[in-house]
Amino acid sequence: MSSNPSSPRASNITDPVALMRVRSLELRARTVVEGFWKGLHRSPRHGFSAEFAEYRQYVPGDDIRYLDWKVLARRDKSFIRKFREETNLRCHVLLDLSRSMGYGSKSYTKLEYARTLAATLAMFLHQQGDEIGLLTYDEVARDYLPPRHRSGHLHAILAALDKPALGIGAALNSPVDAILSRGRMRGLVFVISDFLTPLAELKAPLSALAACGHDISLMQTLDPAEISFTFDSTVNFEDMESGRVLPADPDRLRAGYLKKFNAHQQGLKSMCDTLGILHHLLPTDRSLETALHTYLSDRQSLGQRIDRKSSS
């Protein structure tokens with residue numbers, strides 16, 4: 001096997017460090033999706049749910065894993081088991097391009113991980129027949145590609161994800177306004193960000209999305225060092241007024257940071273619970289296949305909520 005960084009060993013490909021050595025964003029996403037499907041195929045549970053709602057006739061291009069072989073043998077006709085959650089969705093992926101996303105204690109940044117996550121979700125959703133759209137943002141909305149499922153649309157999304165980041169801060173109200181101004185059709189919205197912004201700035205736009213009936217999943221990408229606050233204990237800080245370099249007290253700094261960080265995380269989770277939003281913490285050292293498992297779990301939960309509403 002070649003040791004070329006662009007073609008790491010298959011056994012290590014889902015490891016983020018190895019994956020990020022692959023220069024092509026499309027190849028990264030394809031590797032994660034294909035690895036996910038192989039893992040799902042080996043799982044005792046196939047599909048999005050153990051129960052399916054109906055059969056439909058097989059058409060060329062359908063995934064043969066959902067082919068009912070018993071029906072084929074008995075009736076000599078090909079039918080696909082259509083699961084309850086197998087409905088074509090209208091999906092938006094919102095990606096934060098702010099400066100804080102450029103941090104990384106490893107060989108890659110949060111933004112590179114988040115871009116790969118966005119590309120992986122887009123490719124997976126596209127393969128499932130869902131309409132997928134992209135909106136990148138910093139202080140303002142940047143690239144916007146409305147949800148589509150047509151030839152060339154996925155490549156346009158991948159090209160937009162590869163563009164350089166230009167902004168400093170992150171204002172979620174700008175991309176949310178862009179979505180809501182183009183119609184009130186409900187769908188699934190993924191927001192990929194570190195969410196290291198004041199909660200007050202997140203509440204209004206997320207409330208607006210939720211009020212319109214969108215099902216929202218926050219994918220919080222954080223560097224492991226930000227979660228545990230690990231750093232060089234010899235670090236010093238410059239006093240802005242005197243200009244003197246002051247030694248840091250690592251234990252005191254870490255305790256103060258973790259107190260504020262945990263309060264922020266608890267506040268974010270509480271806000272999501274109140275608004276009915278799903279929140280997932282994805283450290284950048286975690287395999288990206290985790291995000292796809294998270295998506296299927298979210299989608300199954302969505303289907304169960306729909307079933308409960310329709311039966312009430």
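The values are calculated or read from the model by the stated rules, or taken from the named source; none is laboratory data. These numbers come from a predicted model, not from an experiment. Neighbour counts are summed over all protein chains in view; Cβ atoms, including those assigned to glycine, are modelled from backbone coordinates with ideal geometry. Just so you know, the surface numbers come from the protein's heavy atoms only, side chains and all, with ligands and any DNA or RNA stripped out. Shrake-Rupley method; radii C 1.70, N 1.55, O 1.52, S 1.80 Å.
General remarks:
- Computed 3J(HN,Hα) for region 212-227, one whole-Hz value per residue from the Karplus formula 6.51 cos²θ - 1.76 cosθ + 1.60 where θ = phi - 60°, is 8, x, 6, 8, 10, 10, 8, 9, 8, 9, 10, 6, x, 5, 6, 6, glycine and proline marked x.
- Between residue 222 and 282, 284, the built amide H atoms are under 5 Å apart, and every one of these is 5 or more places off in sequence or on another chain.
- Less than 5 angstrom separates the built amide H of residue 134 from those of 93, 145, all sequence-distant by 5 or more or on a different chain.
- Within the assembled protein chains, the solvent-accessible surface assigned to residue 149 is about 90 Å², based on a 1.4 Å probe.
- Dipole size of region 133-206 about its Cα centre, with +1 on Lys/Arg Cβ and -1 on Asp/Glu Cβ: approximately 460 debye, rounded to the nearest 20.
- Counting only heavy atoms of the protein chains and using a 1.4 Å probe, residue 101 has close to 0 Å² of accessible surface.
- Area accessible to solvent at residue 126, 1.4 Å probe radius, in Å²: 40 Å²
- Over region 153-230, the Kirkwood radius and the radius of gyration, each from Cα atoms, give a ratio Rg/Rh of 1.00.
- Summed side-chain charge close to residue 258 - residues other than residue 258 whose Cβ falls under 12 Å, Lys, Arg +1, Asp, Glu -1: +2
- Heavy-atom accessible area order for 274, 284, 31, largest first, 1.4 Å probe: 274, 31, 284
- Hydrodynamic radius by Kirkwood, which averages 1/r over all alpha carbon pairs of region 126-173, in angstrom: 11.7 Å
- Taking amide hydrogens as placed 1.01 Å from N in the peptide plane, the amide H of residue 212 sits under 5 Å from that of no residue at least 5 positions away in sequence or on another chain.
- Distance between the pseudo-spin-label points of residue 127 and residue 211 (7 Å out from Cα toward the beta carbon): 3.9 nm.
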